[in-house]
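Down below is the structure, laid out as structure tokens.
The values are calculated or read from the model by the stated rules, or taken from the named source; none is laboratory data. Because the structure is predicted, anything quoted here is derived from the model rather than measured. Every residue, glycine among them, receives a Cβ derived from its backbone with ideal geometry; neighbour counts consider all protein chains shown.
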Amino acid sequence: MKFQIAINLERMNEQTSMTAVRDHTLRMVKMADAAGFDIVWAAEHHALEMTIAPNPFSLLTWWGEHTKNIRLGCAVVNAAYWHPIRLAGEAAMTDLLTDGRLEFGIGSGAYQREFDRMQPGLKQSDSWQYMNEMLPAVLALWQGDYEHNGDFWQFPTSTSVPKPVQSPHPPVWVAARSPITYDYAIKNNCNIMCWPLTRSFDEAELYKQHFDESMAKFSNARRPNFALMRHTAIYETTAGRDKAIAAIQNVLGQFENLFRNIGGVTNGFPAQTPLAELVNRDEYNADMLEENLLFGSPDQAIEKLKRYQNLGVDSFIYYASMGLEHDEQIKSLELFCDKVMPAFR
């Protein structure tokens, strides 16, 4: 099993400087590169301090200048916010500037609040249609001259400038949860990343079932890389455990605010929805979180990761951003690199 890392420029309050966030994030990326992580992922989000990523390609290019081997992925660009010619060009330029290290992830977004601002009138539940039209257009533009007459975009003959370094194009990834998205990914030769949120191992098994059923449906398709993401915190003390649980509960309250569009955001900082007010509040029980997420000692993490490996997960995505203090994030990643990863080499 290979390891990847997803990390955000994450600012939880106004007392933390943006330069401190910048420097910490780069330090984590450089640590992951030195430890042999396969890919680092940058998201796309807008007007939110907890995920500062208005253009993931600028982040990837920056990280590429400071790393040697780790591949650089966008997880994921929201198709509805882009024009095909611009997206093809930005992605190809990133591939060029990083000597062919781009991993191209595309998806349909998560937060209705962002759609209300970036694509007013579009429901998040309908945004998959933009992704379905966008990806073939980008792939065609990477190959050469192409004219597009679709439902959402129309343009005369054009091409991507520059073209990607990788041939025929950078690896493509799709964020998948529903069976229809697994079908789309496998039919179109896309790698798959999934995120069971805070749910139990059963949710991971469900996603693997979707994967297997889609592979059976498209028997001539190549087997893609199947990656699974979990929030990760490795600790060796009760104090470390308590800090990790408190941090993830705080972030999850903000996530529920944004995901359900039920709370306010002031100057980019989402209000935390009180967990006691949530219908699904049992999903945020401390013991359940420690059990379901990749939380625990190095030995506990190894045991959990072996379950994913036996399930058929090709790559585990270490989700580093969860509101944890910077020094605690560093400690966690050090423990993971030094005491967990060697068990899988």
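Here residue 302 meets each of (1) in a helix (DSSP H, G or I); (2) closer than 16 Å to residue 246 by Cα with one exception, condition (2). Would you please list the contacts, defined by Cβ atoms under 6 Å and residues six or more apart or on different chains, that run from a residue in the stretch 200-221 that is farther than 30 Å from residue 295 by Cβ and modelled with pLDDT under 95 to a residue that is part of a helix (DSSP H, G or I) and polar (S, T, N, Q)? Close Cβ pairs (under 6 Å, with a partner that is part of a helix (DSSP H, G or I) and polar (S, T, N, Q)) do not exist here.
Counting only residues that are assigned to a helix (DSSP H, G or I) and aliphatic (A, V, I, L, M), the stretch 305-345 holds 8 of them. Taken residue by residue, the stretch 275-298 has no member that is of a type outside the set (Lys, Arg), surrounded by fewer than 16 Cβ atoms within 10 Å (Cβ to Cβ) and on the phi > 0 side of the Ramachandran plot.
Condition test on residue 299, is it at pLDDT 95 or above and either closer than 16 Å to residue 197 by Cα or more than 21 Å from the chain's Cα centre (by Cα) (or both)? Taking the combined requirement at face value, the residue satisfies it.
Residues in the stretch 199-242 that are closer than 20 Å to residue 6 by Cα and in contact with an Asp or Glu (Cβ under 6 Å, 6 or more places away or on another chain): 225, 226. Which of the residues that make up the stretch 174-194 are crowded, with 22+ Cβ neighbours inside 10 Å and among the aromatic types (Phe, Trp, Tyr)? Within the stretch 174-194, 182 is the sole residue that qualifies. Give me the residue from the stretch 331-345 that is surrounded by fewer than 16 Cβ atoms within 10 Å (Cβ to Cβ) and not charged (D, E, K, R) and, out of that set, nearest to residue 194 (Cα to Cα). Among those that are surrounded by fewer than 16 Cβ atoms within 10 Å (Cβ to Cβ) and not charged (D, E, K, R), it is 344.
Once the stretch 47-72 is narrowed to residues that are hydroxyl-bearing (Ser, Thr, Tyr) and outside any helix (DSSP H, G or I), the residue that is nearest to residue 126 (Cα to Cα) is 51.
For beta carbons closer than 9 Å, sequence separation of 6+ or different chains, a first residue in the stretch 226-250 that is within 24 Å of residue 73 (Cα to Cα) and a second that is assigned to a strand (DSSP E or B) and of a type in the set (Lys, Arg), the qualifying pairs are 227/2.
This table checks each residue for (1) at pLDDT 95 or above; (2) surrounded by fewer than 17 Cβ atoms within 10 Å (Cβ to Cβ); (3) under 14 Å from the mean Cα position of the chain (by Cα); (4) not acidic (Asp, Glu).
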| site | (1), (2), (3), (4) |
| --- | --- |
| 23 | yes, yes, no, no |
| 37 | yes, no, no, yes |
| 42 | yes, no, yes, yes |
| 57 | yes, no, yes, yes |
| 63 | yes, no, no, yes |
| 78 | yes, no, yes, yes |
| 81 | yes, no, no, yes |
| 84 | yes, no, no, yes |
| 88 | yes, no, no, yes |
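Pairs linking a residue in the stretch 137-160 that is farther than 14 Å from residue 82 by Cβ and touching a residue at least 40 places away in the same chain (Cβ under 8 Å) to a residue that is in a loop (DSSP other than H, G, I, E, B) and not polar (S, T, N, Q), with Cβ atoms under 8 Å and 6 or more positions apart or on different chains, are 142/163; 142/164; 142/168; 142/169; 158/145.
Once the stretch 104-125 is narrowed to residues that are within 20 Å of the chain's Cα centre (by Cα) and free of Cβ contacts under 8 Å to residues at least 24 places away in the same chain, the residue that is surrounded by the most Cβ atoms within 10 Å (Cβ to Cβ) is 124.
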